[in-house]
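The numbers here are math on the coordinates, done by the rules we state, and not lab data. Because the structure is predicted, anything quoted here is derived from the model rather than measured. All Cβ positions, even for glycine, are placed from backbone atoms using ideal geometry, and neighbour counts span all protein chains on display.
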């Protein structure tokens, strides 16, 4: 991996830009951009987590946004009851999304293909309507969060730049984690099961338990994104869990390039940037977004990441 | 004879009205190469699938190494030492040849929940994988995607994967199918080299290969074993000549 091509250079440049962004936004007096890019980073984490199961394991979860909601509501409900300490809120969110993902996975992974898509969609919508029914916590209207998670020390999340850097650090950390994971023994099993399930069973792998682990890990990571989203928006809403949101996450992954980890991050940036740009031009921006997405998917099969540089050939190692 | 490594008794498998396996008894002695021959539709692949666990028999039992494995799933039987190569080549097409075999080694190496260390840097996986590739003559192809290998090479790769799991029993379903003369000869030498070290159940249409390799042969016709014996006995068997070898013998 010592080869320095166009792709790594572009990525390092992007990273430098991200590191400098809070300073630039302050310099240009455009705090809006700080919020926008923080939002992009949060969704990049969600898309990254989905790529782990979708891109590497061919598990097309159509209910992945549910974990965004679980993370957000863990923060919101605890804050509503006066518990604002991150060391309570965040573990609750992480354990909660891990537990829910495990349960959903246990049922969904008994199926495959279209049935898997439909079952995960059904679970996602169940959780959406559960959130809508929580009248005590705002129901349909959502739940306003007055105080962001308290981390203690110098990390004051009410400062936009601090939140921004925390989200960026978490994204980079999780990206590193995922990169190691997909190349390790565990990742090889997930990829093998995607490539040839029958062969995996014949070799002796109990693949469901590996898939379930990956599914739960991805849900947990997305739960973290939910925690960050709640802190960014000061709000927990059923809308975070709506099936269209799950669809957007899938679009981010495919748009950026499935099974590349970095691709879905780029996909999250691109989709949110497109939404932002088009919605400032016209009220009917979705009419234009659709064809643009279709064109990109048609002409760039391996997504934005694939366009930056073609995939390297397999080599022995 | 000592207790067989694998013993199937009274196996029955129906597909609707078709009796694909008909009260079949089969015993594989430890270390032997046992060929199963029979005309198309005799139920050879169905038999292999039941021994490996992909298909459940409607009746009968399968014992392997002294244990009743009739109800065990494929991955559980694989863990006990039953490996299979498929009639239609089954490899990981989007992985390199070496990664294919390394994954097979990994299947034998306990759990695979390692999430940090790159599998490609684990010598415990790579070295046995390279050795298995070399054994089937694919050492020069280690870095190639399995999808880019020639058909015969993919079959060799599949055998390397099966061998890498260090099985006690190899179920080979037409390993020579679609191979050229030279490739077939190479495969015969490979399987011959396993004699004594592994027990092999060989399903094959190539009669030269079968009679060269097999210690014993079972002849399957319409799901029934009509004869079992040494190659010489099978050649001399009237029922076999009539039912199957007729035009060749």
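What's the exposure ranking of B:94, B:68, A:29, going from fewest to most Cβ atoms within 10 Å?
A:29, B:68, B:94
What translational D, rounded to a whole number of µm²/s, comes out for chain A from Stokes-Einstein when the hydrodynamic radius is the Kirkwood one over Cα pairs, at 37 °C and 0.692 mPa s?
The diffusion coefficient I find is 163 µm²/s.
List B:13, B:44 from most exposed to least, where exposure is judged by having the fewest other Cβ atoms within 10 Å.
Placing the least packed residue first, the sequence is B:13, B:44.
Determine the gain in length on full extension of the stretch residue A:273-residue A:15; use 0.36 nm per residue of separation and subtract their C-alpha separation, reporting nm with one decimal.
91.2 nm
Relative contact order (percent) for segment B:95-166, with alpha-carbon contacts under 8 angstrom and 6 or more residues of separation?
In percent, rounded to a whole number, it is 49.
Using the beta-carbon distance between residue A:156 and residue A:114 and R0 = 45 Å, what value does 1/(1 + (r/R0)^6) give for FRET efficiency, to the nearest 0.05?
According to the calculation, E is roughly 0.45.
Need one number: nm distance between label points at residue B:222 and residue B:113, each 7 Å from Cα along Cα→Cβ, rounded to one decimal.
According to this spin-label approximation, the distance is 5.3 nm.
Less than 19 Å from a label point 7 Å out along the Cα-to-Cβ axis of residue B:134: which backbone N atoms in segment B:176-203 qualify, by residue?
The answer is B:190-191, B:193-194, whose backbone nitrogens lie closer than 19 Å to the label point.
For residue B:80 and residue B:238, FRET efficiency with R0 = 30 Å and r from the beta-carbon atoms, rounded to 0.05?
0.20
Kindly identify segment A:222-317 as rounded, prolate or oblate by the Cα gyration tensor criterion: order the square roots of the eigenvalues as a ≥ b ≥ c, call it rounded if a/c is under 1.5, otherwise compare a/b with b/c, prolate if a/b is larger, else oblate.
In terms of gyration-tensor shape, oblate.
Just to verify a number: FRET efficiency for residue B:181 and residue A:172, C-beta to C-beta distance, R0 = 51 Å, to 0.05?
Rounded to the nearest 0.05, the efficiency is 0.35.
From Cα pairs below 8 angstrom and at least 6 apart in sequence, can you work out the relative contact order of segment A:30-115, rounded to a whole percent?
22 percent
Residues of segment A:236-264 with amide nitrogen under 20 Å from the 7 Å Cα-to-Cβ point of residue A:135?
Answer for segment A:236-264: A:237-239.
So, in nm, how far is label residue A:299 from label residue B:124 when the simple model puts each one 7 Å beyond its Cα toward the Cβ?
5.0 nm
Specify the inter-centroid distance of segment A:241-310 and segment B:15-56, based on alpha-carbon positions, in whole Å.
51 Å
Tell me, what is the percent relative contact order of chain A, built from C-alpha pairs under 8 Å that lie six or more residues apart?
32 percent
Which residues among segment B:1-37 fall inside the zone where the amide N is under 17 Å from a point 7 Å beyond the Cα of residue B:68, along Cα→Cβ?
From segment B:1-37, the list is B:6-12.
Does anyone have the angle between helix B:123-135 and the longest principal axis of chain B? Alpha-carbon axes, 0 to 90°, nearest 10?
Taking Cα atoms only, the helix is inclined about 50 degrees.
Let me confirm one metric for peptide A:186-199, namely the mean number of other chain beta-carbon atoms within 10 Å of its residues' beta-carbons.
6
I need the per residue convex hull volume for the protein assembly as shown, using only the alpha carbons, in cubic angstrom as a whole number.
It is 187 Å³ per residue.
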